[in-house]
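Structure, as structure tokens:
The values are calculated or read from the model by the stated rules, or taken from the named source; none is laboratory data. Bear in mind that the values here come from a model prediction, so they are computed numbers and not experimental data. Here Cβ is always computed from backbone atoms with ideal geometry, including for glycine, and neighbour counts include all displayed protein chains. With ligands, DNA and RNA removed, areas are computed over all heavy atoms of the protein, side chains included. Shrake-Rupley method; radii C 1.70, N 1.55, O 1.52, S 1.80 Å.
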Amino acid sequence: MFIRNESFYSFRNNYKVVTALIVIHLLLFLWMNFFPGGNYIRFYGIGFNPLIAEGELWRLVTPIFMHVTLQHVLFNSFSLVLFGPALEKMLGPVKFFVGYVLFGIIANIATFYIGGLQYPPHLGASGAIFGLFGLYLYMTINRKDLIDQANSQIVITILIIGLIMTFLNPNINIFAHLFGLIAGAALAPLFLIGAKPYYYTPTRHVHDQGEVTFNPNRWKRRRFNQKTIGKLFWLIFGVLVLVGLLVRFL
């Protein structure tokens, strides 16, 4: 579910929404930091509670796609690459995109009401991404037909690490993280209606044509490769710790 074996071509064709979101993240980051008009985009797009209170409601949406620092945009894009594809296939592209944006909006609404008018300007896709974690969390508890035990353990581990880093880093929007997670878990029953388990079989035929194959009996006929899961876990763990330390101390 979280192991990416595709080429760039097949990833782009199989997960169009995830690819589009990552492209938007990167383009806006480059525009805001290196091209003319970047300050204009930042000024009119960033989340700022006093201006939201004055009626600039688009600021509940635009921060979801904006990042200022390199580590921020890379971390959120990396999280989307790992955890977005399976959900895009399980939910469908439209429902996945609607959920992603909706979770981000709810996270920003929580920031507005709980943070108050004194809350500093904020931006980033973290609230929406934690909403995706909320969907996975709900699956691990109430929809075990959609996720196996090994992937459930990965989700719980990464979620715990993410929550720990949320409270350790003073520059993180805690309200967005927590309420994005809550929104994803609370709305999961609605978004998971009709969802099917995600199974990716990287055969030669799939590699050549960039197709995704669903095989509900895959894990019954084939023992799970624990070494692969272990390597993936330590890779994700190491990256998260490294990024957390960089954000915390630089």
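Within the range 77-96, can one find any residue that is at pLDDT 90 or above and in contact with a His (Cβ under 7 Å, 6 or more places away or on another chain)?
Yes: one or more hits.
State whether one or more residues within the range 136-149 are in contact (Cβ under 8 Å) with a residue 60 or more places away in the chain and closer than 21 Å to ILE3 by Cα. I'd like the intermediate steps shown before the answer.
At the first step, the residues of the range 136-149 found to be in contact (Cβ under 8 Å) with a residue 60 or more places away in the chain are 147-148.
Filter again for closer than 21 Å to ILE3 by Cα, leaving 147-148.
Looking through the range 136-149, at least one residue is in contact (Cβ under 8 Å) with a residue 60 or more places away in the chain and closer than 21 Å to ILE3 by Cα.
Tell me, please, whether a residue that is within 30 Å of TYR198 (Cβ to Cβ), of a type in the set (Lys, Arg) and either buried (at least 19 other Cβ atoms within 10 Å of the Cβ) or out of contact with any Pro (no Cβ under 7 Å at 6 or more places or on another chain) (or both) can be found in the range 2-14.
yes
Among the residues of the range 32-85, what is the count of those that are within 12 Å of the chain's Cα centre (by Cα) and open to solvent by less than 50 Å² (accessible area, probe 1.4 Å)?
Of the residues in that region, 12 qualify.
Step by step: first the residues of the range 192-208, then only those that are open to solvent by less than 30 Å² (accessible area, probe 1.4 Å) and hydroxyl-bearing (Ser, Thr, Tyr), then the one that is modelled with the lowest pLDDT. Which residue is that?
Residue satisfying both the conditions and the ranking: TYR200.
Being within 23 Å of LEU60 (Cβ to Cβ) and free of Cβ contacts under 8 Å to residues at least 40 places away in the same chain is the filter; apply it to the range 163-191 and report the residue that is surrounded by the most Cβ atoms within 10 Å (Cβ to Cβ).
Filtering first and then ranking leaves THR166.
So GLN118 passes all but one of these: (1) under 22 Å from ARG42 (Cβ atoms); (2) surrounded by 21 or more Cβ atoms within 10 Å (Cβ to Cβ); (3) at pLDDT below 95. Which condition number does it fail?
Checking GLN118 against (1) under 22 Å from ARG42 (Cβ atoms); (2) surrounded by 21 or more Cβ atoms within 10 Å (Cβ to Cβ); (3) at pLDDT below 95, the one that fails is (2).
Being under 30 Å from TYR198 (Cα atoms) and touching a residue at least 60 places away in the same chain (Cβ under 8 Å) is the filter here, so list the residues in the range 31-61 that pass it.
Passing the criteria: none in range.
I'm told PHE133 meets every condition in (1) in a helix (DSSP H, G or I); (2) surrounded by fewer than 23 Cβ atoms within 10 Å (Cβ to Cβ); (3) not small (Gly, Ala, Ser) except one. Can you identify the failing condition by its number?
Against the list (1) in a helix (DSSP H, G or I); (2) surrounded by fewer than 23 Cβ atoms within 10 Å (Cβ to Cβ); (3) not small (Gly, Ala, Ser), PHE133 comes up short only on (2).
ILE147: open to solvent by less than 40 Å² (accessible area, probe 1.4 Å), assigned to a loop (DSSP other than H, G, I, E, B) and modelled with pLDDT under 95, yes or no?
Numbers: open to solvent by less than 40 Å² (accessible area, probe 1.4 Å): yes; assigned to a loop (DSSP other than H, G, I, E, B): yes; modelled with pLDDT under 95: yes.
Spelling it out, ILE147 is indeed open to solvent by less than 40 Å² (accessible area, probe 1.4 Å), assigned to a loop (DSSP other than H, G, I, E, B) and modelled with pLDDT under 95.
Within the range 101-108, can one find any residue that is at pLDDT below 95 and either outside any loop (DSSP other than H, G, I, E, B) or under 19 Å from TRP58 (Cα atoms) (or both)?
Checked against the condition, which is being at pLDDT below 95 and either outside any loop (DSSP other than H, G, I, E, B) or under 19 Å from TRP58 (Cα atoms) (or both), the range 101-108 yields no hits at all.
Residue by residue through the range 119-131, note down the ones that are over 22 Å from LEU70 (Cβ atoms) and touching a residue at least 60 places away in the same chain (Cβ under 8 Å).
TYR119
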